[in-house]
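What follows is one structure encoded as structure tokens, with my remarks underneath.
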Amino acid sequence: MSGFIYDHKPMEIASGDGVYLTDSEGTEYLDFGGNYACVPLGHGHDAVQSAIQDQLADVTFVQAVYPVDTRRQLHETLAEAAPDGVDNVWLCNSGTEANEAALKFARSATGNTKFVATTGAFHGRTMGSLSLTWKDKYRSHYEPMLDDVEFVPYNDSEALADAVDDDTAAVMMEPIQGAGGINPATEEFLQTARKATEETGSALVFDEIQTGLGRTGRLWDHERADVVPDMVTSAKGLANGLPIGATLCQDWLAEDYGSHASTFGGNPVVAAAAEATVSTLQADEIPSHAADVGQTLRHLLERELGDAVQDIRGEGLMVGIEIEGSAADVVADLAHEEQVLALTAGKHVVRFLPPLVVTERHAERAVTALSNVLD
């Protein structure tokens with residue numbers, strides 16, 4: 001099998017049920033983040049599966065100019081779930097597309113070209129979103145990037161305020177950096193971003209592709225800072241495993257967005273899955289459940305691991321454990337020896353991003369597994 005683009009794992013996944021995945025040999029794995037936060041309701045959730053099947057029975061695809069009930073319902077559900085005033089919905093197929101759209105909307109509406117991003121940021125792999133992504137390993141093969149991008153140190157409010165000027169189209173940031181190491185922004189940093197962009201007429205974009213939809217114990221993580229952005233981008237768990245992205249914007253950006261479009265954006269089948277996902281997340285109060293289990297998870301990690309790790313950080317069920325050695329080796333050992341799937345977030349951070357329906361019992365198993373591997 002070719003290794004082009006992706007390095008292949010040594011197990012072939014055959015099925016999934018709730019918070020578990022089973023490989024072709026019959027081995028069951030606890031999914032504690034191995035799928036990048038894309039299945040917040042767990043694998044094979046009944047409401048999502050039913051919505052998909054119902055839509056498949058009607059029509060698989062019509063382009064966005066034709067009204068479709070499932071797409072309309074998703075627009076309404078997302079607009080209601082969005083921060084106050086950020087209720088214009090543009091649908092696409094992935095997180096990087098959602099961020100790409102946000103950059104284009106900001107340039108079109110402001111007439112400016114400069115973007116401000118942060119060190120450690122990861123915003124995607126298309127040329128625009130990649131230009132606002134920090135690490136050379138993602139960028140070096142594809143340079144030159146957009147040349148009007150300024151990076152400021154994450155959580156340096158003074159540097160951020162200095163960087164945002166009258167030429168700035170937008171500031172884009174993650175409220176908690178995911179691939180950058182599970183680094184939460186301070187409330188001051190988020191509030192500084194809002195103040196600076198308001199003063200210059202720039203757009204404030206919160207990339208909530210990984211942090212949003214209940215992941216951190218609230219529907220949108222930026223809510224903890226009591227600020228309202230101009231745009232929010234969402235993807236990953238939005239359709240519980242099906243490909244989708246969304247850019248949510250205030251009116252002033254939606255009115256002059258240009259001619260941006262997406263052929264498959266708002267695909268009826270995916271829209272049905274997304275509407276069922278967001279509705280279930282809210283109806284079942286999944287964000288508060290994630291907050292409770294996440295608090296237990298971090299408490300167990302601190303109690304059981306203690307001085308064996310450098311740091312434990314994050315919010316809700318987005319948790320990073322910084323270790324001295326190789327996070328990649330630990331993640332591999334977790335899978336092979338303990339049948340627990342996790343991720344890395346840089347060289348030294350093990351990343352837990354389980355389905356938001358995990359229980360305290362699952363958290364205990366994941367912590368025990370990590371403790372065993374580190375021992």
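FYI, it's all coordinate maths here, none of it is from the lab. Just so you know, these numbers come straight off a predicted model, no measurement behind them. Here the Cβ positions follow ideal geometry from the backbone for every residue, glycine too, while neighbour counts run over all protein chains shown.
Under the simplified labelling scheme, the E337-F264 pair shows an inter-label distance of 4.0 nm, with each label point 7 Å from Cα along Cα→Cβ.
For segment 208-337, the relative contact order is 26 percent, taking Cα pairs closer than 8 Å that sit 6 or more residues apart in sequence and dividing their mean separation by the residue count. Per 5 Å bin, what is the whole-percent P(r) computed from every C-alpha pair distance within segment 294-348? Over segment 294-348, the share of Cα pairs per 5 Å bin runs 4, 20, 25, 31, 19, 1 percent.
Mean projection of the Cα convex hull over all viewing directions, computed for segment 15-144: 12.2 nm².
Using a Förster distance of 25 Å, how high is the FRET efficiency between D23 and D307, based on the Cβ-Cβ distance and rounded to 0.05? Computed FRET efficiency for D23 and D307 comes out at 0.10. Sorted largest first, the principal axis extents computed over the alpha-carbon atoms of the chain equal 55, 53, 42 Å.
Going from the residue with the fewest nearby Cβ atoms within 10 Å to the one with the most, K137, K114 rank K137, K114.
Counting neighbouring beta carbons within 10 Å and listing from fewest to most, the residues W220, W252, W134 come out as W252, W134, W220. For the chain, averaging the sequence separation of C-alpha pairs within contact (under 8 Å, six or more residues apart) and dividing by the residue count gives a relative contact order of 23 percent. For the chain, the mean residue ellipticity at 222 nm estimated from helices alone is -11500 deg cm²/dmol, where every DSSP H run of n ≥ 4 contributes -39500 (n - 2.57) and the total is divided by all residues, rounded to the nearest 500. Can you figure out the FRET efficiency of D256 with E223, using R₀ = 41 Å and their beta-carbon distance, to the nearest 0.05? That pair, D256 with E223, gives E of 0.90.
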